Amino acid sequence: MDTIFAEATPPGRGGVTVVRLSGPKARAALESLAGPVPAPRVAALRALREGEDLIDRALVLWFEEGRSFTGEEVAELHLHGAPVIANRLAQALLNQGLRRAEAGEFTRRAFLNGRIDLAEAEGLADLLSAETEAQRKLAMRGTEGELARKAEALRAGLIRAGALIEASIDFADEEVPEEVPTEAFALIEAIRDDIRQMLASYPATERLRQGYEVAIIGPPNAGKSTLLNRIGQRDIALVSEIAGTTRDILELRADLRGLPVTFLDTAGLRESDDPVEAMGVARALKRAAEADLRIHLSVDGIATDAVKEDDIVLRSKADLGQGPGLAISARTGEGVAELLDMVYDRLRIRAADSGLVSHKRQAEALQRAWLALDVDRNDAPEFLAEALRQAIQGLAMMVGRVGAEDYLDEIFSSFCIGK
Ligand SMILES: Nc1nc2c(ncn2[C@@H]2O[C@H](COP(=O)(O)OP(=O)(O)OP(=O)(O)O)[C@@H](O)[C@H]2O)c(=O)[nH]1
Ligand SMILES: [Mg+2]
């Protein structure tokens, strides 16, 4: 196993730059640079030298094998935060035969050494990319191993059901006590129900993790782009009195009281002979259909596209005159706060349905377990035992204890270097 190193802090100038070393040569590298290795987990101020050259005076930390983030021997060097110092240190480490870590390699080693499971690694990746409070909370649950604990509880139940069924196989020639299969089936039913609920909350959880999309849609000149600019409080989209100004979809990422929301400004909906505008309209319709929510905006307050459940239908340019229904004026700002309240309320209800399963990979593995448990009282005991094994396998896959190989590159490449 190579010994790797990387800056754990972002590149550039700062108060400190933290460089981490992990692997079998970490101790030798640290000794050569800083002299005797300090007591584990106790910070020590040391001069870092290569030969005669004083590289920096740094805070040094040592972590023993099995008691570090990666599970390997790890050293952490807190340098003064200047790129030239980190570069000089990197040269010294390369001279010692260490190599630069790839993206996510520290976390990958933590996984391979059993320090964290795959679901925790996914949670960690989510935490590092979280942009809003709700995403942070969700990711934090992921990193805390809640999914693994839940999987373990389900697995224990399945093992108990399996033992009851095994017992009935052993007694096959004799009279099997009636309550044995009854108890086993009650257990399986309860577990299946638990899994069904976890699967049911997956879409809401995944949406919260990825963030919501809210499309602003309506006829040309309705004021869609003006509304996007008003929500973003800056000049994002071109606005003009010419119908058909917007062609491409413009995105505004926002933190709506902790919820991650991307507002989409779209091309005005109308039949057009202009092929470019027609392409814009086709895009608008497609993205709006896929969005979590739509704001239908028009001067007359009549929606021009399909209105789905929870969609908001609004009359625009309220400053120009009275009319029926809900109205806003993107020009004066009237009604915009109330509109954001409505969007927030609708999405908050969906976010509240979120659970523990937040990644497609996890949901697919759990689905396997659920399908395996589609058993019947009249099934042969051997068939039932096999079904339970399959379900246990599905749970193990969910937390990445088996079948993780295919996903490792995908998951760990999403990390930055130094994590
Ligand atoms: N009085 C008034 N005018 C508005 C309001 N919102 C937008 N407008 C004007 O209406 C015209 C069209 O606005 P846009 O925001 O470009 O409309 P759009 O829906 O994005 O139009 P397309 O991109 O062509 O689909 C511009 O001249 C805006 O200044 C409003 O609330 N009140
Ligand atoms: Mg526009």
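One line per residue, one yes/no per condition, for (1) surrounded by fewer than 19 Cβ atoms within 10 Å (Cβ to Cβ); (2) more than 8 Å from ligand 1 (Cβ to nearest atom); (3) not small (Gly, Ala, Ser):
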{"site": "Asp193", "(1), (2), (3)": "yes, yes, yes"}
{"site": "Tyr202", "(1), (2), (3)": "no, yes, yes"}
{"site": "Thr205", "(1), (2), (3)": "no, yes, yes"}
{"site": "Leu208", "(1), (2), (3)": "no, yes, yes"}
{"site": "Tyr212", "(1), (2), (3)": "no, yes, yes"}
{"site": "Ala222", "(1), (2), (3)": "no, no, no"}
{"site": "Ser225", "(1), (2), (3)": "no, no, no"}
{"site": "Ile231", "(1), (2), (3)": "no, yes, yes"}
Practice task
Residues being touching a strand residue (DSSP E or B) at 6+ places or on another chain (Cβ under 6 Å) and not polar (S, T, N, Q): count how many of those fall in the range 261-285.
Solution key: 4
Practice task
Restricting attention to the range 73-113, report how many residues are touching an Asp or Glu at 6+ places or on another chain (Cβ under 6 Å), open to solvent by less than 20 Å² (accessible area, probe 1.4 Å) and either within 17 Å of Pro10 (Cβ to Cβ) or part of a loop (DSSP other than H, G, I, E, B) (or both).
Solution key: 2
Exercise for the section: Out of the residues in the range 300-328 that are within 16 Å of ligand 2 (Cβ to nearest atom) and in contact (Cβ under 8 Å) with a residue 40 or more places away in the chain, state the one that is surrounded by the most Cβ atoms within 10 Å (Cβ to Cβ). Expected result: Ser316
Practice task
Go through the range 329-343 and give me each residue that's open to solvent by 60 Å² or more (accessible area, probe 1.4 Å) and touching a helix residue (DSSP H, G or I) at 6+ places or on another chain (Cβ under 9 Å).
Solution key: Arg331, Thr332, Glu334
Practice task
Among the residues of the range 23-55, write down those that are under 38 Å from the mean Cα position of the chain (by Cα) and within 21 Å of Pro83 (Cα to Cα).
Solution key: Ala29, Leu30, Leu45
Exercise for the section: Tell me, please, whether a residue that is surrounded by 14 or more Cβ atoms within 10 Å (Cβ to Cβ) and more than 16 Å from ligand 2 (Cβ to nearest atom) can be found in the range 277-290. Expected result: no
Completion exercise
In the range 38-55, anything under 16 Å from Gln96 (Cβ atoms) and open to solvent by less than 30 Å² (accessible area, probe 1.4 Å) is listed as Leu48, Ile55
Problem - Unmet criterion (only one of (1) hydroxyl-bearing (Ser, Thr, Tyr); (2) within 24 Å of Gly142 (Cα to Cα); (3) over 27 Å from the mean Cα position of the chain (by Cα)) for Ser225 - result: (2)
Exercise for the section: Name, by its number, the condition in (1) in contact with an Asp or Glu (Cβ under 6 Å, 6 or more places away or on another chain); (2) within 15 Å of ligand 1 (Cβ to nearest atom) that does not hold for Arg315. Expected result: (1)
Exercise for the section: Take the residues in the range 318-337 that are within 14 Å of ligand 1 (Cβ to nearest atom) and part of a helix (DSSP H, G or I), then tell me which one is nearest to Ala303 (Cα to Cα). Expected result: Ala318
Exercise for the section: From Leu238, Leu250, Leu285, grab the single residue that is in the same structural domain as Arg315 (by TED's automatic domain parsing), more than 23 Å from the chain's Cα centre (by Cα), near ligand 1 (Cβ under 9 Å from one of its atoms) and of a type in the set (A, V, I, L, M, F, W, C). Expected result: Leu238
Exercise for the section: Kindly establish whether Ala200 is closer than 20 Å to Arg287 by Cβ and either away from ligand 2 (no atom under 16 Å from the Cβ) or more than 25 Å from the chain's Cα centre (by Cα) (or both). Expected result: no
Problem - helices (runs of 4 or more DSSP H) wholly inside the range 344-419 containing at least 1 residues that are hydroxyl-bearing (Ser, Thr, Tyr) and surrounded by fewer than 19 Cβ atoms within 10 Å (Cβ to Cβ) - result: 405-412
Handout entry: Residue in the range 256-273 that is surrounded by the most Cβ atoms within 10 Å (Cβ to Cβ), counting only those that are in contact with a Ser or Thr (Cβ under 7 Å, 6 or more places away or on another chain) and part of a strand (DSSP E or B)
Key = Asp265
Practice task
Looking for whichever is under 30 Å from Gly394 (Cβ atoms), out of contact with any Phe, Trp or Tyr (no Cβ under 6 Å at 6 or more places or on another chain), among the charged types (D, E, K, R) and more than 14 Å from ligand 1 (Cβ to nearest atom) here; the options are Asp341, Asp353, Asp345. Which one fits?
Solution key: Asp353
Handout entry: Neighbours by Cβ (under 6 Å, 6+ apart or cross-chain): first from the range 281-298, in a strand (DSSP E or B); second surrounded by fewer than 21 Cβ atoms within 10 Å (Cβ to Cβ) and among the hydrophobic types (A, V, I, L, M, F, W, C)
Key = Ile295/Ile312; His296/Ala303; His296/Val313
Exercise for the section: Output yes when any residue across the range 26-34 is in the same structural domain as Leu79 (by TED's automatic domain parsing), assigned to a loop (DSSP other than H, G, I, E, B) and either surrounded by 13 or more Cβ atoms within 10 Å (Cβ to Cβ) or touching a residue at least 40 places away in the same chain (Cβ under 8 Å) (or both), and no when none is. Expected result: no
Practice task
Could you tell me which numbered condition Ile159 fails, if it satisfies all but one of (1) within 25 Å of the chain's Cα centre (by Cα); (2) touching a residue at least 60 places away in the same chain (Cβ under 8 Å); (3) surrounded by fewer than 22 Cβ atoms within 10 Å (Cβ to Cβ); (4) assigned to a helix (DSSP H, G or I)?
Solution key: (1)
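The values are calculated or read from the model by the stated rules, or taken from the named source; none is laboratory data. The model shown is predicted, which means the values in this text are computed figures rather than measured ones. Cβ atoms come from the backbone with ideal geometry, glycine included; neighbour counts cover every protein chain shown. Side chains are part of the model used for accessible areas, which takes the heavy atoms of the whole protein and leaves out ligands, DNA and RNA. Shrake-Rupley method; radii C 1.70, N 1.55, O 1.52, S 1.80 Å.
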